[in-house]
Amino acid sequence: MSGRYSALALLRGALGGHRHWGRAWRAAEPDGPYDVVVIGGGGHGLATAYYLASQHGVRKVAVVEKGWIGGGNTGRNTTIVRSNYRQPQLQRLLEHSLKLWEGLSDELNYNVMFSPRGALFLGHSDADMTRLAERGDSLRAMGIDAELLDLAAVRRLVPLLDCSPTARWPVQGGLIQRRGGTARHDAVAWGYARAADRLGVDIIENCEVTGFTRQGDAVTGVETTRGTIAAGKVAICVAGHSGHVAGLAGIRLPIESHTLQAYVTEPVKPMIDTVIMSQSLHCYISQSDKGGIVAGGDPDGFPSYAQRGQPMRLEDAIAQAIALVPALSRLRMVRCWSGVTDMSFDGSPIIGDLPLRNLHLNGGWCYGGFKATPGSGHLYAHHLATGSPHPIAAPFDLARFAVGRTIDEAGVGPMPQHR
Amino acid sequence: MLLIDCPHCGPRAQEEFGYDRTLDSLVRIEDAPDAAMAALYARANPRGEDDEIWRHTFGCRGWMVLRRDRVSHAILSVRPLGPEALP
Ligand SMILES: Cc1cc2nc3c(=O)[nH]c(=O)nc-3n(C[C@H](O)[C@H](O)[C@H](O)COP(=O)(O)OP(=O)(O)OC[C@H]3O[C@@H](n4cnc5c(N)ncnc54)[C@H](O)[C@@H]3O)c2cc1C
Ligand SMILES: [Zn+2]
């Protein structure tokens, strides 16, 4: 089986119009009872199932997905991977994930095209540069790579950046994490799906969870559009739909669902070979391996499950990108899209138990959970298999809100529209 | 984009408005800790209708309650938010 993707197979495919490729995972039917049912076939849910089977020997696992796997935010994000956050709890969490990214293609025997091309924050003012220098110091103290760059170094790295003193947002320097970069979003879902399937995990697509079966205060399974499925544990992993699905169990979360958009231009020759980000503007730009410039901006700023963005926010995002890299104004945009993100009330994820027994949550990843995919799955699987949180995930429990232990990266309080 | 019928100014473009929070998230000074916690952190976040507080920030600066469908984006009603609803 492992020889299925080879140079020879590719050559043979080229002669036959590439029509011979078979399915990479079974189209499983519901076959309960399961030890664990994971709700949501995004990267996080598939990774959770994979690590349950590979690390903990829990083999009777199903992933139920209402559409097709990877069709949610996994397939809609701008694929930036980095661990250079501000808060120590997030630094630990995302560094754990980044280390897994570094070995992921080997681990899954599937090329996820992880490309550590460097993730650069721009500094536009003295205040920005002070902030970035502090951030770099705290990261290095944590053992995470961070390098402060002066203007000349930034200019060398991104020659097309408008570094003139009259620029709309003048650039003074930057902070780079060289181990950061991008990955191929679909491949992450497919790689985890294929590897989990080989370990016996049932991946059940076109199967929406519509309710829970219960015995007292314990959850015993899920009701779905393809019937009732019994489960020892149920693991919610539905990104933007966390509020809706928890609501089916009568649970309210510190989460609001908001829309986030992104866009891509026509493919061009290599022009930006690092990830450019500005946290003062909330603008992020990279070039895909196909050549398209992929970029995004702020969330739309009001609750929505529509997966449909507002033109005014798209315009803002494009204006910012063009101001930073004026050459982008010459390109045509070929697509824009949006995803529903679960904006948590401190901006950090929620990983752990819910008030009902045997019901667990991994959500609240806001607009930044793609980078966490391997780590999130790994830590959630640990929690589900052992019944207690992994030390790295422990600070991210739901109880933190009631006791004032929030992890507020942006320092704005319970106001998702201001993140 | 939304066209919001401000109770004071009439129909205006969404750009002039800002979403603030849901109506059930107002914390009142006399609230017991549990009720205050729920108002701060527990959201119904329905995949359907909810009551939301918006402000005509770049207009009359007045506050209002929108009943909105979060899937179709239809605005079902707009009413001014009076002092009786404020904490
Ligand atoms: C435009 C955009 C840009 C982004 N850019 C970045 C970035 O550059 N870097 C980064 O780190 N993060 C980024 N993110 C965030 C990141 O995409 C998400 O945090 C992450 O993908 C969420 O985890 P997931 O992969 O499991 O979600 P998803 O892929 O959304 O998976 C959840 C799945 O649950 C399914 N589901 C929902 N309800 C049900 C139900 N009732 N029954 C069964 N299945 C259900 C959905 O269909 C979906 O497939 C971005 C997000 C967006 C929208
Ligand atoms: Zn008005």
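Here are the numbers for this structure:
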{"item": "Of residues in segment A:408-419 being at negative phi, part of a loop (DSSP other than H, G, I, E, B) and at the interface with another protein chain (Cβ under 10 Å from one of its Cβ atoms), the one surrounded by the fewest Cβ atoms within 10 Å (Cβ to Cβ)", "result": "A:MET415"}
{"item": "Selection count, segment A:308-337, where residues are at pLDDT below 95 and in contact with a helix residue (DSSP H, G or I) (Cβ under 8 Å, 6 or more places away or on another chain)", "result": "2"}
{"item": "In segment A:247-292, the residues that are within 14 Å of chain B (Cβ to nearest Cβ) and assigned to a strand (DSSP E or B)", "result": "A:LEU253, A:ILE255, A:GLU256, A:SER257, A:HIS258, A:THR259, A:GLN261"}
{"item": "Selected residue [among the small types (Gly, Ala, Ser) and closer than 21 Å to A:GLY240 by Cβ] from B:ALA44, B:ALA32, B:ALA13, B:ALA38", "result": "B:ALA44"}
{"item": "Any hit, segment B:50-69, residues being within 16 Å of ligand 1 (Cβ to nearest atom), closer than 18 Å to A:PRO254 by Cα and within 11 Å of chain A (Cβ to nearest Cβ)", "result": "no"}
{"item": "Conditions (1) in contact with a Lys or Arg (Cβ under 7 Å, 6 or more places away or on another chain); (2) over 26 Å from A:PRO395 (Cβ atoms); (3) in a helix (DSSP H, G or I); (4) of a type in the set (A, V, I, L, M): number failed by A:ALA14", "result": "(1)"}
{"item": "Scan of segment A:95-108 for residues that are out of contact with any Ser or Thr (no Cβ under 6 Å at 6 or more places or on another chain) and not acidic (Asp, Glu), ordered by number", "result": "A:HIS96, A:SER97, A:LYS99, A:LEU100, A:TRP101, A:GLY103, A:LEU104, A:SER105, A:LEU108"}
{"item": "Of all residues in segment B:11-48 being part of a strand (DSSP E or B) and within 23 Å of A:ARG313 (Cα to Cα), the one that is nearest to ligand 2 (Cβ to nearest atom)", "result": "B:ARG12"}
{"item": "Lone unmet requirement of (1) closer than 20 Å to A:SER83 by Cα; (2) in contact with a Phe, Trp or Tyr (Cβ under 9 Å, 6 or more places away or on another chain); (3) crowded, with 22+ Cβ neighbours inside 10 Å for A:ALA381", "result": "(1)"}
{"item": "Residues satisfying the stated conditions in segment B:18-42, i.e. over 13 Å from A:ALA402 (Cβ atoms) and facing another protein chain (nearest Cβ under 9 Å)", "result": "B:GLY18, B:TYR19, B:ASP20, B:ARG21, B:THR22, B:SER25"}
{"item": "Check on A:PHE302, more than 10 Å from ligand 1 (Cβ to nearest atom) and over 30 Å from A:GLY387 (Cα atoms)", "result": "yes"}
{"item": "All positions within segment A:380-392 that are of a type outside the set (Gly, Ala, Ser) and either part of a helix (DSSP H, G or I) or over 18 Å from the mean Cα position of the chain (by Cα) (or both)", "result": "A:TYR380, A:HIS382, A:HIS383, A:LEU384, A:THR386, A:PRO389, A:HIS390, A:PRO391"}
{"item": "Matching residues, segment A:393-407, being within 11 Å of A:GLN89 (Cα to Cα) and not in a helix (DSSP H, G or I)", "result": "A:ALA393, A:THR406, A:ILE407"}
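The values are calculated or read from the model by the stated rules, or taken from the named source; none is laboratory data. This structure is a prediction, so every number in the text was calculated from the model and none was measured. Every residue, glycine among them, receives a Cβ derived from its backbone with ideal geometry; neighbour counts consider all protein chains shown.
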